[in-house]
Amino acid sequence: MERWATFDCYGTLIDWNGGIRRELARVFGEERADELLGRYHELEPQLEADGTRTYREVMTEAMRELDAPHAEHDAFARSLPTWEPFPEVPDALAETRARGWKLAILSNTDRDFIDASMRNLGVPFELAIVASEIGSYKPAHSHWEAFFEQTGAARDSHVHVAASLFHDIAPANDVALRSVWINRLEELPGPQPTRELTNLEPLPETLDELVPSTQ
């Protein structure tokens, strides 16, 4: 039996909030960075809603709506390939692979961005499904539909791992998948995951508990 762990990337594996906040502080000043980060969180799903924009276009339009100088409209797109993984992530992914799990990323992003981020993670993935290639952003279900179509994975040996209740845990519940919520920000629960962790360090053991190896 093949065991699959799928992951959201930004906010789960890569420090997305940190990367965006650094650019907001650089462009607008440290004193406005937190306020504008909150505004970005509001803008992004609105700009993604119809699935017609690439993620590069989403980030660019968000900066435009935040009234960034014209030369900084592409600030997020320029910096995203340098955003780093959370400290525990590479080792946790490597250990998960060592236990026989196949890894995939389901991300609201573009191919060039996810390729850069996977290089930063330093751990191989079997595949990555990105929004710009399927014309859809999570929380819509198209990422999972594409994943099952491409892999033939069995739902009872698949676990989805993510930090966003809205983008990932709720739709994973909708399609009857086990999930692990990485609650890095100490958020209050909403849609109920199968398991909740504060980071990825205990993930390999947690995945093995959810889907034990048959070997």
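The values are calculated or read from the model by the stated rules, or taken from the named source; none is laboratory data. Everything numeric in this text was worked out from a predicted model, so none of it was measured. Glycine gets a Cβ as well: all are built from the backbone with ideal geometry, and neighbour counts include every protein chain shown. Each accessible area value is taken on the protein alone, full model and side chains, heavy atoms only, with ligands, DNA and RNA left out. Shrake-Rupley method; radii C 1.70, N 1.55, O 1.52, S 1.80 Å.
For residue 94 and residue 70, a Förster radius of 45 Å and the Cβ-Cβ distance give a FRET efficiency of 0.60, rounded to the nearest 0.05. Find how many whole Å separate the alpha carbon centroid of segment 98-139 from the alpha carbon centroid of segment 54-91. Distance between centres, Cα-based: 17 Å. Each Lys or Arg adds one and each Asp or Glu subtracts one; over the other residues with Cβ under 14 Å from the Cβ of residue 52, this totals -4. With the simple spin-label model, which puts each label point 7 Å out from Cα in the Cβ direction, the residue 198 to residue 116 separation comes to 3.2 nm. The portion of the accessible surface of segment 156-205 made up by carbon and sulfur, rounded to a whole percent, is 51 (1.4 Å probe; DNA, RNA and ligands excluded). The phi torsions of segment 174-184, fed into the Karplus equation with coefficients 6.51, -1.76 and 1.60 and a -60° offset, translate into couplings of 4, 9, 6, 10, 5, 9, 10, 8, 8, 8, 5 Hz, rounded to whole numbers, with Gly and Pro shown as x. Recomputing percent of Cα pairs over 26 Å apart from the coordinates shown identifies the correct label among (1) 49; (2) 42; (3) 32 as (3).
Counting only protein chain heavy atoms and rolling a 1.4 Å probe, the accessible areas of 166, 113 rank, largest first, as 166, 113.
Surface listing: 168, 74 arranged by accessible area from highest to lowest gives 74, 168, probe 1.4 Å.
Tell me the per residue accessible area of the chain using a 1.4 Å probe; a whole number in Å² is fine.
Result: 45 Å² per residue.
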